[in-house]
Amino acid sequence: MKQFFNIPDNDNDIEKESIGYWVKDLQNSETLLGIIQTAAFKRLFDISFLGAIDYSERNYLSNIDRNRASHSLFVAGIANYIATERNYSHELKEHIVAAALLHDIGHIPLSHSAEPYIQKHFGYGHHEIGENIINGSAWKDSGLKDALSKSFDINFIVSLLNFEAKDDGADIFNSKINADTIDGIIRCVEYKGINQSNVLNRISIARAAFIDNACISKSKRLQTLDDFWKTKQFVYNNFINTKHGILSDKASQIFFIEYNKIEHKDLFAEEKNWRGKYSMLFKWLSALKNNDMPSCIKSYDLEYTTRKYEVVLHEENIKKRYINSKHKKIIDNDELNIYREVNF
């Protein structure tokens, strides 16, 4: 835990331009530290950020940067910056930052990768699991409900996370360019060893998206957000929606269809427990690094959703300038010819 609050500032700008400053600032709040120190939050240090891709693809980030806890702390840092710049009350800021810390609290091992199977098998996904952990109806001894009950309005935090709140600060979570997306997309780029010079600065993007009275020109604001939205398209085109990325996620789902032995308690486990209990799944994912594919995969329809992110250059309204669309596609067996079929 301490290593997180000692993260170096890799920005060349003044200290408050660094995401590190705003993450470190969280330790000055006893109530926020109370959340971070719960078993529920600590579990996220062993939940991989990109799930199956963490095991099937070579990347440039250390383990400390490739988990849901590190992502959640950075999202909280971004929320902390925005709430501070907007001069929100101490109480409102604490609630917004707490919600940011908890936005991924329900993620199961392998994050989104196995979730489609989990949703079909159990009837709910990480959003519902997260809400149940927060309100104490699931994993009652995680410590989180106790930590929140002392200082927070739990219903308000849940409303922020469910995009139901209309209060100040709700846009930090429900905007197209939001605190979660800002860190998530930049973190994905960093997986590939890109952004070492910090060209994509989380705080600069947050300022352009959320701080109306910031001393930046309209053209500079739009250029910053345009570059970010184009980066999101790059991430989906070259990482998440590649054939290898789709195959990694599908392998996670197909494994549980084939073996059908997941238990409810597994949803609240750390990833190391899955690596032991479902070791064959992780052999599948590791094999994909060498273009070896479990032979059973070809017998399944490999449907996925592709996303396209575009900038409408003539539109100056941020809500209308950044658009996205989704389309269903299927990987056909001929596209899998680069992979060797292996019987495990």
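The figures follow:
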| read-out | value |
| --- | --- |
| The stretch 223-251 - residue that is among the polar types (S, T, N, Q) and part of a helix (DSSP H, G or I) and, of those, least open to solvent (accessible area, probe 1.4 Å) | Ser248 |
| Lys328 vs. criteria outside any helix (DSSP H, G or I), open to solvent by 70 Å² or more (accessible area, probe 1.4 Å), closer than 29 Å to Thr231 by Cβ and among the basic types (Lys, Arg) | yes |
| Tabulated pairs, the stretch 263-290, first modelled with pLDDT of 95 or more, second in a loop (DSSP other than H, G, I, E, B) and aromatic (Phe, Trp, Tyr), C-beta under 7 angstrom, 6+ apart or interchain | Phe268/Trp139; Met280/Phe344; Lys283/Phe344; Trp284/Phe344 |
| Residues within the stretch 137-151 that are open to solvent by 20 Å² or more (accessible area, probe 1.4 Å) and assigned to a loop (DSSP other than H, G, I, E, B), tallied | 5 |
| Count of the stretch 186-222 residues which are of a type in the set (Gly, Ala, Ser) and open to solvent by less than 10 Å² (accessible area, probe 1.4 Å) | 2 |
| Residues being open to solvent by 80 Å² or more (accessible area, probe 1.4 Å) and more than 19 Å from Ser175 (Cα to Cα) - total across the stretch 293-312 | 3 |
| Ile211 among the β-branched types (Val, Ile, Thr) and farther than 25 Å from Leu44 by Cα | yes |
| Filter result (modelled with pLDDT of 95 or more, outside any helix (DSSP H, G or I) and closer than 14 Å to Ile96 by Cβ) within the stretch 167-191 | Asp168, Gly169, Ala170, Ser175, Asn178 |
| Considering residues of the stretch 35-60 that are touching a helix residue (DSSP H, G or I) at 6+ places or on another chain (Cβ under 6 Å) and polar (S, T, N, Q) only, the residue modelled with the lowest pLDDT | Asn59 |
| From the options Ile254, Ile262, residue that is within 25 Å of the chain's Cα centre (by Cα) and not in a helix (DSSP H, G or I) | Ile262 |
| Where a residue in the stretch 34-45 is under 15 Å from Leu267 (Cβ atoms) and part of a helix (DSSP H, G or I) and its partner, wherever it lies, is of a type in the set (D, E, K, R) and open to solvent by 10 Å² or more (accessible area, probe 1.4 Å), with Cβ under 6 Å and at least six apart | Arg43/Glu270; Leu44/Arg68 |
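Residues checked against (1) touching a Leu at 6+ places or on another chain (Cβ under 8 Å); (2) surrounded by fewer than 17 Cβ atoms within 10 Å (Cβ to Cβ); (3) hydrophobic (A, V, I, L, M, F, W, C):
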site	(1), (2), (3)
Asp25	no, no, no
Ile35	yes, no, yes
Asp46	no, no, no
Asn63	no, yes, no
Asn67	yes, no, no
Ile82	no, no, yes
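The values are calculated or read from the model by the stated rules, or taken from the named source; none is laboratory data. Remember, it's a predicted structure, so these values are computed and weren't measured experimentally. Glycine gets a Cβ as well: all are built from the backbone with ideal geometry, and neighbour counts include every protein chain shown. Ligands, DNA and RNA are excluded from the accessible area calculation, which covers all protein heavy atoms including side chains. Shrake-Rupley method; radii C 1.70, N 1.55, O 1.52, S 1.80 Å.
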